[in-house]
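Chemist: Input: one structure, supplied below.
The values are calculated or read from the model by the stated rules, or taken from the named source; none is laboratory data. Just so you know, these numbers come straight off a predicted model, no measurement behind them. As a convention, Cβ positions derive from the backbone with ideal geometry for all residues, glycine included, and neighbour counts pool all protein chains shown. Keep in mind that these areas ignore ligands, DNA and RNA; they rest on the heavy atoms of the full protein, side chains included. Shrake-Rupley method; radii C 1.70, N 1.55, O 1.52, S 1.80 Å.
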Amino acid sequence: EYVLKKAGCKAIVMAQNFKSSRYLEMIKSLAPELSQCKPGNLISRKLPDLSTVIVIGNEVQEDGVYPFSWLEAQACTPENVRKRLEPITQSLSSQDPINIQFTSGTTGAPKGATLTHMNIVNNARFVVERMNFSAKDRLCLPVPLYHCFGMVMGTLGCVSVGASIILPGASFDAAEAL
């Protein structure tokens, strides 16, 4: 609740469940109004900025929630995407915020560090440069992709030099990683 409010989150794309975490149930406990609204029209007392909840998996049949197939259907044709790409590209800056990483909050409430495109890309680039990574290398990435290492150093780092990424499983499992 704290992080969603602090970030002013308007939409969330999430898994319904993962391992023992029941994400949709968590959102419904924070925003019980979800089951009483049409998808995209959430008005929540606790989460005033959140209006749209999208759940990965097209089998999701919940009131107030869009299935991921709805999001996919919003995509444009390749021709329209190309027409729109250049104006969007021109509007972007390497100094634009792209990521908010929240601390664990061990000394109080979590704090959000806002990172720019340049912060994220350079972090990845310098890490793999220091490791002497190249297109000949492979990196086993057993951590979650929302994790700093999974998203930045692992994924972007490998992409920046053309290295291969090995995802051993849907979640960390030591035997699968080995």
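Chemist: For the pair R22 and M131, how long in nm is the line joining their label points, each one 7 Å along Cα→Cβ?
Modeler: 3.8
Chemist: For the chain, with every protein chain kept in place, what is the accessible area per residue (1.4 Å probe, Å²)? Intermediate results must be reported in sequence, preceding the final value.
Modeler: Working: 11960 Å² over 178 residues.
On a per-residue basis, the chain sits at 67 Å².
Chemist: Just list whichever of K10/K38; K6/K38; K5/K28 have alpha carbons separated by over 18 Å in the model shown.
Modeler: Numbers: K10/K38 15 Å; K6/K38 25 Å; K5/K28 15 Å.
From the list (K10/K38; K6/K38; K5/K28), the Cα-Cα distance tops 18 Å for K6/K38.
Chemist: Rounded to whole Å and sorted largest first, what semi-axes of the equivalent ellipsoid does the C-alpha gyration tensor of the chain yield via the square root of 5 times each eigenvalue?
Modeler: Values: eigenvalues 189, 97, 75 Å².
Each semi-axis is the square root of five times an eigenvalue, giving 31, 22, 19 Å.
Chemist: What is the calculated FRET efficiency for V3 to E79, with r their C-beta to C-beta distance and R₀ = 35 Å, to the nearest 0.05?
Modeler: Numbers: r = 38 Å, r/R0 = 1.10.
Given R0 = 35 Å and the Cβ-Cβ separation, E is 0.35.
Chemist: Another question, if that's okay. What is the extension gain from N41 to I100, computed as 0.36 nm multiplied by their sequence separation minus the C-alpha to C-alpha distance, in nm to one decimal?
Modeler: Numbers: separation 59, 0.36 × 59 = 21.24 nm, distance 2.48 nm.
Roughly 18.8 nm would be gained on extension.
Chemist: Tally up the carbon and sulfur contribution to the accessible surface of the range 32-135 as a whole percent, 1.4 Å probe, everything protein left in place. Don't jump to the answer; show the numbers that get you there.
Modeler: On the way: 4000 of 7210 Å².
The computed percentage sits at 55.
Chemist: Now a separate question. Relative to 2.2 N^0.38 Å, what does the C-alpha radius of gyration of the range 54-117 come to as a ratio? Two decimals please.
Modeler: On the way: Rg = 17.9 Å, N = 64, 2.2 N^0.38 = 10.7 Å.
Relative to the rule-of-thumb radius for its length, the range 54-117 sits at 1.67.
Chemist: Run the helix sum for the chain: -39,500 (n - 2.57) per DSSP H stretch of 4+ residues, divided by residue count, reported at 222 nm to the nearest 500 deg cm²/dmol.
Modeler: On the way: 7 runs with 57 residues, N = 178.
For the chain, the value works out to -8500 deg cm²/dmol.
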